[in-house]
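The values are calculated or read from the model by the stated rules, or taken from the named source; none is laboratory data. If you're wondering where the values come from, they're calculated on a predicted model, not measured in any experiment. All Cβ positions, even for glycine, are placed from backbone atoms using ideal geometry, and neighbour counts span all protein chains on display. SASA here: full protein model, heavy atoms, side chains in, ligands and nucleic acids out. Shrake-Rupley method; radii C 1.70, N 1.55, O 1.52, S 1.80 Å.
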Amino acid sequence: MTSRATLPMAIVLAALSLLSLAVGNAGFILGGVSALESGPAGLLLISRVPRLVAVVVAGGGMCVAGMITQTIARNRFVSPSTVGTVAWCKLGILTGTLAFARAPIMPRMALAFAFSLAGTFFFMRTLSRAPVRNIVTVPLIGMILGAVVESANTYLATRYDLVQNMESWLQGSFALVVRGRYELLYIGVPAAGVMYLYADKFTIAGMGGDFARGLGLNHGQIMAIGLSLTALMTSIVTITVGGLPFVDLAIPNLAAVFRGDNLRSNLLDTALLGADFVLFCDLVSRLVMRPYEVPVGVTASLLGGSVFLWLLVRRNRLAGA
Amino acid sequence: MIEIRNIAKSYGGKEVLRNISLTLPENRISAFIGSNGAGKSTLLSIISRLLPQSGGEVRIDGKPVGDWDSRELAKRLAVLRQSNFMDIRLTVGELVAFGRFPYSQGRLNEEDGRMVEKALSYLDITDIRDRFLDELSGGQRQMAFIAMVIAQDTRYVLLDEPLNNLDIRHSVHMMKVLRKLVDEMGKTVILVIHDINFVSCYADHIVALRDGELVGAGGRGDIITPRVLENIYGLDIDIREIDGNRICVYYA
């Protein structure tokens, strides 16, 4: 479960966390924390700590979800953001906002989850009917479906004057995370726990239906559980902080390079690497043009995309050698 | 005991198996032979519950395959389909440990550990246990998958073309391992195999199929004959006796 990389990654996480707590417009010294709600402690409790927790859970959670999606779909180029789960989730959020804007977050969350789930299953169903199924067509089909849904999102948002609202919500940003607006993310922690319990079954399912049945597993059931858990994680993260492009694609690939595809041994490292990465992206976002912030979605795309490109080039070079 | 009664299978109106009935003997190597498309792999898949049949029944130790609890059956019967080309990055040791899944559900105990060690040493791959599958040669990878099946420790072992992609040295090693499984561990091995001379030298029981029908079943004396082979393959095959083995000569 742990590896040589686990401890260093945990130390990096701790260091970045301290940094994350200390960075901001109202600077304060950690030692000077007082009990006053209006003072530095208030800032810490209301804004900085929630933000840190949100970053760690969202980063770790999305990467774990990406790793499981890639394993059970048997394709390293898929992830919740490339198979359209995120797009469907946004459609769910938008529908919720239109239908009952005043509703509390839970019913809207449930709607977003239902849309993500339906969208993910729709993708798998489409896939099983596709005449050609190879490493390129699988994510391509996902991206096409996702793009269609995204255009529906844009249409709805334009039609009902929600463009600004949607952009600010779903750009992928931790800037709006304050106490009272991020607690939904805590559901991600038990969800990740359940994913870990199923790790072996997901790995076996990733070796194909015949292989899984030969070992006495109900392949369809395991696939359904895996897709539901990843859809749940995706909707929790998307509804709270928005999309984090490339993170759920690039980081699991990076983790698989040094930890292999056995979920039981790679999930913890994947989660840590994901949390480290997103925390780093968030810090860059906050520092690069302070006192303003760049949305973390932008930083994550740039850095995550670069990591992914580097992995592709590296793979080609290895294959060519 | 595996009993096959009136098995039929059709895909979209096309019959690929017709009225197959036979009993596979315990503690023997049985081989399914026939030309491409004869229905060998389909029959193997039906016996191992990977495919549903269109008609008839397969009984394993007296109980219809469909009535078995999936996990219990996985302790009784192991199956490996052809083309394990999957590019999943697992180490050999991790793969073999998955063979214990029906018993341990992932939490390996001492007994499971012992079975994994035994399977690795049986196939002589203990030294590559920490290597990733995608770094191995086709032959080594095939050995790793067979080791997983051995770790599953089932009475019946069903293999679809286990010699695929193997060079002659690995092929001979594989057949010797299967022979040992039967002779030393008391297993029943059922194979789909193309190389007729390996069948002749290693199989105890041969099942011949042609166009989805059973042509004959029996020992090598019954099946490895010019008449039966001509019937299956449509080829004039010369059979020579060399050191007590019947060797088919069909290369020229």
In region B:126-147, anything among the hydrophobic types (A, V, I, L, M, F, W, C) and either open to solvent by 50 Å² or more (accessible area, probe 1.4 Å) or within 20 Å of the chain's Cα centre (by Cα) (or both) is listed as B:143, B:144, B:145, B:146, B:147
Handout entry: Hey, residue B:233 surrounded by 15 or more Cβ atoms within 10 Å (Cβ to Cβ), of a type outside the set (Gly, Ala, Ser) and in contact with a Ser or Thr (Cβ under 6 Å, 6 or more places away or on another chain) or not
Key = yes
Can you confirm whether residue A:133 is open to solvent by 50 Å² or more (accessible area, probe 1.4 Å), part of a loop (DSSP other than H, G, I, E, B) and on the phi < 0 side of the Ramachandran plot?
yes
Can you confirm whether region B:105-113 contains a residue that is crowded, with 20+ Cβ neighbours inside 10 Å and at pLDDT below 95?
no
Considering only strands (runs of 3 or more DSSP E) wholly within region B:167-252, the ones with at least 3 residues that are over 16 Å from the mean Cα position of the chain (by Cα) are B:213-218, B:238-242, B:245-249
Within region A:250-290, residues in contact with a helix residue (DSSP H, G or I) (Cβ under 7 Å, 6 or more places away or on another chain) and free of Cβ contacts under 8 Å to residues at least 12 places away in the same chain come out as A:260
Among (1) crowded, with 19+ Cβ neighbours inside 10 Å; (2) over 22 Å from residue A:108 (Cα atoms); (3) away from chain B (no Cβ under 14 Å), residue A:202 falls short only on (3)
Region A:222-321: helices (runs of 4 or more DSSP H) wholly inside it with 3 or more residues that are at positive phi are none
Of (1) at pLDDT 85 or above; (2) open to solvent by 30 Å² or more (accessible area, probe 1.4 Å); (3) not aromatic (Phe, Trp, Tyr), residue A:40 satisfies every one except (1)
Residue count, region A:148-194, condition open to solvent by less than 70 Å² (accessible area, probe 1.4 Å), in contact (Cβ under 8 Å) with a residue 60 or more places away in the chain, part of a helix (DSSP H, G or I) and aliphatic (A, V, I, L, M), comes to 10
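Okay, residues lined up against (1) within 14 Å of chain B (Cβ to nearest Cβ); (2) open to solvent by less than 30 Å² (accessible area, probe 1.4 Å); (3) touching a Lys or Arg at 6+ places or on another chain (Cβ under 9 Å):
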{"residue": "A:232", "(1), (2), (3)": "no, no, no"}
{"residue": "A:246", "(1), (2), (3)": "no, no, no"}
{"residue": "A:253", "(1), (2), (3)": "yes, yes, yes"}
{"residue": "A:259", "(1), (2), (3)": "yes, no, yes"}
{"residue": "A:277", "(1), (2), (3)": "no, yes, no"}
{"residue": "A:282", "(1), (2), (3)": "no, yes, yes"}
{"residue": "A:293", "(1), (2), (3)": "no, no, yes"}
{"residue": "A:299", "(1), (2), (3)": "no, yes, no"}
{"residue": "A:310", "(1), (2), (3)": "no, no, no"}
Selection from region B:153-168 of residues touching a helix residue (DSSP H, G or I) at 6+ places or on another chain (Cβ under 7 Å) and open to solvent by less than 60 Å² (accessible area, probe 1.4 Å) yields B:153, B:154, B:156, B:157, B:158, B:160, B:162, B:163, B:166
Output for Cβ contacts, cut-off 6 Å, separation at least six or different chains, first residue more than 12 Å from residue B:47 (Cα to Cα) and more than 7 Å from chain A (Cβ to nearest Cβ) in region B:67-78, second crowded, with 18+ Cβ neighbours inside 10 Å and not hydroxyl-bearing (Ser, Thr, Tyr), reads B:75/B:102; B:76/B:155
Checklist entry - Does residue B:101 satisfy the criteria of being open to solvent by 20 Å² or more (accessible area, probe 1.4 Å), of a type in the set (Phe, Trp, Tyr) and within 14 Å of another protein chain (Cβ to nearest Cβ)? => result no
Residue pairs qualifying under the 7 Å Cβ cut-off, at least six apart or on distinct chains, with the first in region A:72-91 being away from chain B (no Cβ under 14 Å) and over 19 Å from residue A:222 (Cβ atoms) and the second being open to solvent by 20 Å² or more (accessible area, probe 1.4 Å) and of a type in the set (Phe, Trp, Tyr), are A:88/A:115; A:89/A:115; A:91/A:115
